[in-house]
Amino acid sequence: MPRRYNKKLQIKLSDLRKLFCRRDLVEEILSGGKDPVIYEVYQISQPPSEGVFSAATTVLYPGKIGDEYYFTKGHFHLKEPRGEVYIGLAGRGLLLLQDRNRKIDKLSLNKGEVAFIPPNYAHRAVNIGDEKMVFLSIYPSDAGHDYEIIEREGFSKIVVGRKGKVALVDNPK
Ligand code: 6PG
Ligand code: NI
């Protein structure tokens with residue numbers, strides 16, 4: 001994995017309990033004493049300053065809660081006019097983009113693919129494969145993260161695997 005980073009985050013199922021659709025299943029797993037790691041983020045953070053980049057490598061493990069694939073929390077950037085680039089390094093994934101009106105777009109983010117996140121779009125990576133999905137993100141160091149809206153409202157679509165097929169379906173919440 002990354003050789004140089006100055007901050008490592010580990011996100012477990014309990015950190016995502018409000019975000020998965022099947023909260024009942026999440027609570028069942030947690031009450032059974034398990035709290036699997038869903039993803040890890042290795043940040044190369046720079047002090048916030050205009051024109052300076054930060055970067056992070058995210059390792060998103062494969063798995064599902066019910067039929068919903070593991071994902072990253074997802075966020076808007078705090079500073080609205082701040083875009084970002086994601087580069088797929090391993091595995092098979094999707095990138096969900098959602099604008100302020102909750103209109104959703106999806107881009108594929110497989111190994112070797114590059115995806116641009118326009119300013120003012122919430123973004124979430126989803127691992128739709130059987131292996132680790134790894135991607136590099138490069139973003140302005142003063143972008144910041146706003147998790148609140150997604151934590152409250154979720155994305156308008158969720159990514160599920162049903163009968164061997166990957167599908168985007170309306171978020172039942
Ligand atoms: C960022 C990037 C990216 C992201 C991680 C984890 O703005 O820093 O989008 O590094 O933070 O992939 O995803 P969450 O921040 O949504 O948990
Ligand atoms: Ni971001």
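What is the residue count in the stretch 123-143 for residues that are among the aliphatic types (A, V, I, L, M), open to solvent by less than 10 Å² (accessible area, probe 1.4 Å) and either within 9 Å of ligand 1 (Cβ to nearest atom) or not in a strand (DSSP E or B) (or both)?
Total meeting the criteria: 2.
Just to be sure I understand, how many residues within the stretch 1-26 are surrounded by 12 or more Cβ atoms within 10 Å (Cβ to Cβ) and free of Cβ contacts under 8 Å to residues at least 12 places away in the same chain?
1
Could you list all residues from the stretch 95-122 that are touching a residue at least 24 places away in the same chain (Cβ under 8 Å), surrounded by fewer than 19 Cβ atoms within 10 Å (Cβ to Cβ) and polar (S, T, N, Q)?
Once the filter is applied, which keeps residues that are touching a residue at least 24 places away in the same chain (Cβ under 8 Å), surrounded by fewer than 19 Cβ atoms within 10 Å (Cβ to Cβ) and polar (S, T, N, Q), the stretch 95-122 yields only ASN120.
Take the residues in the stretch 44-87 that are among the polar types (S, T, N, Q) and part of a loop (DSSP other than H, G, I, E, B), then tell me which one is nearest to ligand 2 (Cβ to nearest atom). If you could, list the steps in order and put the result at the bottom.
Here is the first cut: in the stretch 44-87, the ones among the polar types (S, T, N, Q) are 45-46, 49, 54, 57-58, 72.
Of the ones still in play, those that are also part of a loop (DSSP other than H, G, I, E, B) are 45-46, 49, 72.
Values: SER45: 13, GLN46: 14, SER49: 17, THR72: 9 Å.
Here the residue is THR72.
What are the residues in the stretch 34-43 that are aliphatic (A, V, I, L, M) and either away from ligand 2 (no atom under 14 Å from the Cβ) or open to solvent by 50 Å² or more (accessible area, probe 1.4 Å) (or both), if any?
Selection gives VAL37, ILE38.
Please verify whether the stretch 144-162 includes one or more residues that are within 17 Å of GLY88 (Cβ to Cβ), more than 14 Å from the chain's Cα centre (by Cα) and either open to solvent by 30 Å² or more (accessible area, probe 1.4 Å) or more than 10 Å from ligand 1 (Cβ to nearest atom) (or both).
Looking through the stretch 144-162, none of the residues is within 17 Å of GLY88 (Cβ to Cβ), more than 14 Å from the chain's Cα centre (by Cα) and either open to solvent by 30 Å² or more (accessible area, probe 1.4 Å) or more than 10 Å from ligand 1 (Cβ to nearest atom) (or both).
State all residues of the stretch 54-69 that are within 22 Å of VAL85 (Cβ to Cβ) and either polar (S, T, N, Q) or open to solvent by 10 Å² or more (accessible area, probe 1.4 Å) (or both); if no residue qualifies, say none.
Result: SER54, ALA55, THR57, THR58.
The values are calculated or read from the model by the stated rules, or taken from the named source; none is laboratory data. Because the structure is predicted, anything quoted here is derived from the model rather than measured. Don't worry about glycine lacking a Cβ; one is built from the backbone with ideal geometry, like all the others, and counts go over all protein chains shown. Quick note on the areas: whole protein, heavy atoms, side chains included, nothing else; ligands and nucleic acids left out. Shrake-Rupley method; radii C 1.70, N 1.55, O 1.52, S 1.80 Å.
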